[in-house]
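This is the structure, below, for whatever I ask next.
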Amino acid sequence: MIMQTNRLSRMYMPILISSLLFLTACNRAEHTMEQTEILQPVKFMVVTSPDSKRTRTYSGSLQAGSELNRSFKINGTVQSIPVKVGDKLNKGDIIATLDKTSYELQVAKSRASLAQSQAEKRNADSKYNRTKELYENNNTSKDALESYRANAETARAQVNSANKNLELAQLDLDYTELKATEDCAVAQVQVEVNENVTSGAAIVTLNCGDINEVAVSLPENIIASIQTGMVATVLFDAIADTPFSAHVTEVGVTSNNATYPVTLMLNELHERLRSGLAAEVSFHFSSDTE
C-alpha cells in the first residue's frame, strides 16, 4: 500500500510543480497589470506650425492716392501741350492751352460795349440832372422828370450788364489755359496739338499724392473674411524680391461680375513705385477662417 502511494506521488509530482509554476507566473502578471493601471495620466498639447495658415494671392494694380482727369471748361482748338507723361507738376503749372483768338476778340467786343454803355449812362445822367433842376424851378413837368429818370436807370443797368459780359469774356479767355491745381505727376495725355476739344473732355490724367494704394478684386467666397485694417503682403514684378506690407483701407459692398473691389495702402514707399504697376496681393488666413 505504501509502495503504491509513493508511486502515485512520483507520478503526480511533476504536474503539481507545473501547476505551482503557472500560478506563480499568473500572480506576477496580475501584479504587473495592477502596477500599470495605477500610473498617473499625462497631459499633452499639439503644437501647430505657423505654416498652417492659409495664404490666398490675387492680382491687383498700384495707383496714386488721387487720380484726376483734367479738362477745359470751354470748347476750342488745342494750341500747345507743354507737358509729357512722367512730368512732375507744381500747383499753377500750365498743362495745355487753347487757341485764344476768338476769346480775345470777345473780350475786346465786351470792352467796347461797356465803354458805349458807360457813355450812354453819362448822357442819361446829365439829362436827368438838368431836368431835375428845371422841375425844381417849375420849368418842366413831372412826367418829363420821370422819363429822364427812367432813361438814367436803364443806362445804369446796361452798364452793369456790360460789366458782367466783360467779366465772363475775360473768364473764358483765362480758361484757355489749363493749369495744375496741386502738385501732381502726368500719368496720361489724351489729346494732341491742333485737336478740337469740347468742355469736359479729358485732356490729361494726373496722379496726385503718394503712389501707395493697391486696388484688387476679390471673389465672393473670400470677401466676408476681409476687414478694414487687415494686413497683407504685396509683391511687384518690377521690384523683384521686395515684399511690401500693406493694410486694407476700403472693402467694397457691391459686386462687379461676382467680385468685390478692395483697396489697400502700402505701409512704406519706394522710389521705383509707379502708378499702374501689376501687383500680387497675398492675404493670410487662419485655417478656421475660411
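Residues checked against (1) loosely packed, with under 13 Cβ neighbours inside 10 Å; (2) not hydrophobic (A, V, I, L, M, F, W, C):
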position: E104; (1), (2): no, yes
position: V107; (1), (2): no, no
position: L114; (1), (2): no, no
position: T131; (1), (2): no, yes
position: E136; (1), (2): yes, yes
position: A152; (1), (2): no, no
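Condition test on A124, is it in contact with a helix residue (DSSP H, G or I) (Cβ under 6 Å, 6 or more places away or on another chain) and either on the phi > 0 side of the Ramachandran plot or among the hydrophobic types (A, V, I, L, M, F, W, C) (or both)?
So A124 fits the description; yes.
Only residues in the range 164-176 that are under 18 Å from Q79 (Cα atoms) count as the first member; pair them with residues that are assigned to a helix (DSSP H, G or I) and at pLDDT 95 or above, Cβ under 7 angstrom, at least 6 apart or cross-chain, and list the lot.
Partner pairs satisfying both residue conditions: D172/Y103; D172/Q106; L173/Y103; L173/E104; L173/V107; T176/Y103.
When S147 is evaluated against the numbered criteria (1) open to solvent by 70 Å² or more (accessible area, probe 1.4 Å); (2) over 31 Å from the mean Cα position of the chain (by Cα), which criterion, by number, is the only one it fails?
For S147, the failing item is (1).
Taking G60 as the residue in question, decide whether it is within 30 Å of N212 (Cα to Cα), open to solvent by less than 60 Å² (accessible area, probe 1.4 Å) and touching a Ser or Thr at 6+ places or on another chain (Cβ under 8 Å).
yes
With the requirement that a residue be open to solvent by less than 70 Å² (accessible area, probe 1.4 Å) and at pLDDT below 95, what does the range 170-188 give you?
If the condition is that a residue be open to solvent by less than 70 Å² (accessible area, probe 1.4 Å) and at pLDDT below 95, then A180, C184, A185, V186, A187 are the ones that fit.
For the range 218-226, state whether one or more residues are closer than 30 Å to T97 by Cα and touching a Ser or Thr at 6+ places or on another chain (Cβ under 8 Å).
So far as the range 218-226 goes, no, none of its residues is closer than 30 Å to T97 by Cα and touching a Ser or Thr at 6+ places or on another chain (Cβ under 8 Å).
Step by step: first the residues of the range 221-245, then only those that are within 17 Å of L266 (Cβ to Cβ) and touching an Asp or Glu at 6+ places or on another chain (Cβ under 9 Å), then the one that is most open to solvent (accessible area, probe 1.4 Å). Which residue is that?
The qualifying residue most open to solvent (accessible area, probe 1.4 Å) is D237.
Let me ask something else about it. Just need a number here: residues in the range 248-282 that are touching a residue at least 60 places away in the same chain (Cβ under 8 Å), in a strand (DSSP E or B) and not aliphatic (A, V, I, L, M).
2
In addition: Can you pull out every residue in the range 219-247 that is hydrophobic (A, V, I, L, M, F, W, C) and either in a helix (DSSP H, G or I) or more than 19 Å from L277 (Cβ to Cβ) (or both)?
Selection gives I222, I223, A224, I226, M230, V231.
The values are calculated or read from the model by the stated rules, or taken from the named source; none is laboratory data. Please read all numbers here as calculations on a predicted model, not as lab measurements. Positions of Cβ are backbone-derived with ideal geometry, glycine not excepted, and every protein chain shown enters the neighbour counts. Heavy atoms of the whole protein, side chains included, go into the accessibility calculation; ligands, DNA and RNA do not. Shrake-Rupley method; radii C 1.70, N 1.55, O 1.52, S 1.80 Å.
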